[in-house]
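The structure is given below, and queries will be raised subsequently.
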Amino acid sequence: MLPIIRIIQRNHRRRERNRLLIAARRNIRDENDPFSLPNIWFIELFRVNKELARHLIDLLRPHIAITVSRRGIREEKKVLVALRFYATGSYQRCVGEEYNCGLSQSSVHICIHQVTKAIVTLLAPHHINFLNTVAQRNEIKTEFMNKYEFPGALGAIDGTHIAILKPSEDEHNFINSKDKIIIFCFRIIIFCL
């Protein structure tokens, strides 16, 4: 057999394998329904409950409509993929492979981009408020100083609970909602000096 014919046959087999892989991913993607999960698992995966996820999907649906394509990703899947990415901060490829999502890294990127753009356009103006006056900033700084003894702080974006040994005094000030003795640590503090 001529070498060129072998190369053509090999390329044909490779294209056929890729076509079958894409079809399998599409079937997994379309048949999987994360809303059928128990609510506690759903919250663990997406960091929001099912009702809030459905509400977000309904709000964002007109702005993240399925593109004209035979492989179009449903709006529900787009929002859930973006929520999973926000919840984990993981790599896009990993998010696409998780919970039987069946999406490539580039598809995950498109989902995140479309959903984020829709959130910034629709929700941010109504739900993100910046402190515009000096009086508002001073009030928040005073509250942070009184409560956490952080001078000049205007807000905290994220935080974590860190387990500590039992303190000898004021133990009740170090117990979280799960009755663990902790210290709360802010990850990102917004300062205004």
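The values are calculated or read from the model by the stated rules, or taken from the named source; none is laboratory data. Please read these numbers as outputs of a predicted model, since none were measured by experiment. Reconstructed Cβ throughout: ideal geometry from the backbone, glycine too, with neighbour counts over all protein chains shown. In case anyone asks, the SASA skips ligands and DNA or RNA and just uses the protein heavy atoms, side chains included. Shrake-Rupley method; radii C 1.70, N 1.55, O 1.52, S 1.80 Å.
Before we move on, is Cys185 crowded, with 16+ Cβ neighbours inside 10 Å and at pLDDT below 75?
Considered against the rule, which asks whether it is crowded, with 16+ Cβ neighbours inside 10 Å and at pLDDT below 75, Cys185 comes out as no.
Same structure, new question: Filter region 153-174 for residues that are surrounded by 12 or more Cβ atoms within 10 Å (Cβ to Cβ) and over 24 Å from Gly89 (Cβ atoms); which is modelled with the lowest pLDDT?
Per the criteria, the residue is Phe174.
Within the set of pairs 6 or more residues apart or between chains, which connect a residue that is small (Gly, Ala, Ser) inside region 109-133 to a residue that is open to solvent by less than 90 Å² (accessible area, probe 1.4 Å) with Cβ atoms less than 7 Å apart?
Ala118/Leu60; Ala118/Ile64
For region 100-152: of the residues being assigned to a helix (DSSP H, G or I) and at pLDDT below 80, which is surrounded by the most Cβ atoms within 10 Å (Cβ to Cβ)?
Ranking the qualifying residues of region 100-152, first place goes to Tyr148.
Of the residues Arg47, Arg71, Arg54, Arg84, which is at pLDDT 80 or above, open to solvent by 70 Å² or more (accessible area, probe 1.4 Å), touching a helix residue (DSSP H, G or I) at 6+ places or on another chain (Cβ under 7 Å) and closer than 20 Å to His113 by Cα?
Unique residue meeting the criteria: Arg47.
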